[in-house]
Amino acid sequence: MSDFYRTIARYYDSEHADKVEDLPLYEECAEEFGDPILIIGSGTGRVLLHLADAGYSVHGVEREAAMRERSEAKRAALPHLQPVSTIHAGDVMALTLTTTFRLVILPYNTFMHFLTLESQQALLRRIRGWLASDGALVIDLPSAGDAFAGADSDSLILERQFIDGETGRLVMQQSVSSLDRATQNMDVTWIYDAVGDDGVLRRTVAPTRIHYYFLSEMCLLLESCGFRLEEVFGDFDRSSFEDGAPRMIVVAR
């Protein structure tokens, strides 16, 4: 992951201002399993603060200071959420937590940043140790089918355009990617172009590497770390996971 989130932190909230489709599912899970809740990769607080505002006790773990500072600033502006929200700084693999959680969430592709079998199992085993015996783990991932079925291309793709909330300027987000089907790892370079008041284009380049998971792989991973697969959804509306589904949302106990 290197400096990826440090590089894109300034754009993160503006880029994801309209990302709300996963929040009702997390609220349903919180209602079903209870709190306290742990969010791994809590970022700028999108999910954490929403669940805290819904009345749940929520902990977040975020190692990137630039992301965490934005989350803390939003939390500071919402005094009523401070008693029910906690943000832990540091690497989840080295963090000591004494709380037992009833729900652990790895939201929006977080698990894709764990590239090796060793790191994947190490994280899941840590979660198993933090999770209550009747608690649940929820992992949100993209379905790998489209990425593996698509033709390889070195083309620069325009992903989206959004307004930078800090400057009011239009930002064009583009990407170029390369998928290694043997390792299931994809190298992606995200490019953010913004034109200033002086007419000069300023480009931010953020490379990262992510891992795609298939369902059979997830089942074996979870089983090897003491979990059992409970449900798999193909989208946030709890629709079936099947060919063509956009997401692979795993619920494990």
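The values are calculated or read from the model by the stated rules, or taken from the named source; none is laboratory data. Please read these numbers as outputs of a predicted model, since none were measured by experiment. Glycine also receives a Cβ, built like all others from the backbone with ideal geometry; neighbour counts cover every protein chain displayed.
Only one residue in L81, L95 is in the same structural domain as R46 (by TED's automatic domain parsing), farther than 20 Å from E231 by Cα and under 20 Å from the mean Cα position of the chain (by Cα), so which one is that?
Being in the same structural domain as R46 (by TED's automatic domain parsing), farther than 20 Å from E231 by Cα and under 20 Å from the mean Cα position of the chain (by Cα) holds for just one of L81, L95, which is L95.
Hey, any hits in segment 183-200 for a residue that's within 18 Å of D3 (Cα to Cα) and small (G, A, S)?
No.
Determine whether segment 112-131 contains at least one residue that is over 20 Å from G43 (Cβ atoms), in contact with a Leu (Cβ under 9 Å, 6 or more places away or on another chain), among the charged types (D, E, K, R) and surrounded by 13 or more Cβ atoms within 10 Å (Cβ to Cβ).
yes
Of everything in segment 76-125, what is in a strand (DSSP E or B) and either within 30 Å of D180 (Cβ to Cβ) or of a type in the set (D, E, K, R) (or both)? Give them in sequence order. Explain how you work it out, then say what you get.
Taking segment 76-125 as the starting set, the residues that turn out to be in a strand (DSSP E or B) are 85-89, 101-106.
Correct list: R102, V104, I105, L106.
Only one of V195, V205, V176 is more than 18 Å from V104 (Cα to Cα), of a type in the set (V, I, T), exposed (fewer than 14 other Cβ atoms within 10 Å of the Cβ) and within 21 Å of the chain's Cα centre (by Cα). Can you tell me which? Full working, then the answer.
Numbers: V195 fails: within 21 Å of the chain's Cα centre (by Cα); V176 fails: exposed (fewer than 14 other Cβ atoms within 10 Å of the Cβ).
V205 is the lone residue from the list that is more than 18 Å from V104 (Cα to Cα), of a type in the set (V, I, T), exposed (fewer than 14 other Cβ atoms within 10 Å of the Cβ) and within 21 Å of the chain's Cα centre (by Cα).
Need a quick list: strands (runs of 3 or more DSSP E) entirely within segment 179-238 having at least 2 residues that are of a type in the set (S, T, N, Q).
On the way: elements: 185-195, 201-211, 229-233.
Because the criterion is at least 2 residues that are of a type in the set (S, T, N, Q), the strands (runs of 3 or more DSSP E) in segment 179-238 that meet it are 185-195, 201-211.
Identify the residue in segment 201-253 that is hydrophobic (A, V, I, L, M, F, W, C) and farther than 17 Å from Q120 by Cα and, among all such residues, is modelled with the lowest pLDDT. Let's see the steps before the verdict.
First, pick out the residues of segment 201-253 that are hydrophobic (A, V, I, L, M, F, W, C): 201, 205-206, 210, 214-215, 218-222, 225, 227, 229, 232-233, 236, 241, 245, 248-252.
Going one step further and asking which of them are farther than 17 Å from Q120 by Cα, we end up with 201, 205-206, 232-233, 236, 241, 245.
Values: L201: 91, V205: 97, A206: 96, V232: 98, F233: 98, F236: 97, F241: 97, A245: 95.
The selected residue is L201.
Which residue out of T96, T86 is free of Cβ contacts under 8 Å to residues at least 60 places away in the same chain, crowded, with 16+ Cβ neighbours inside 10 Å and either over 27 Å from E31 (Cβ atoms) or not acidic (D, E) (or both)?
Working: T96 fails: crowded, with 16+ Cβ neighbours inside 10 Å.
Among T96, T86, only T86 is free of Cβ contacts under 8 Å to residues at least 60 places away in the same chain, crowded, with 16+ Cβ neighbours inside 10 Å and either over 27 Å from E31 (Cβ atoms) or not acidic (D, E) (or both).
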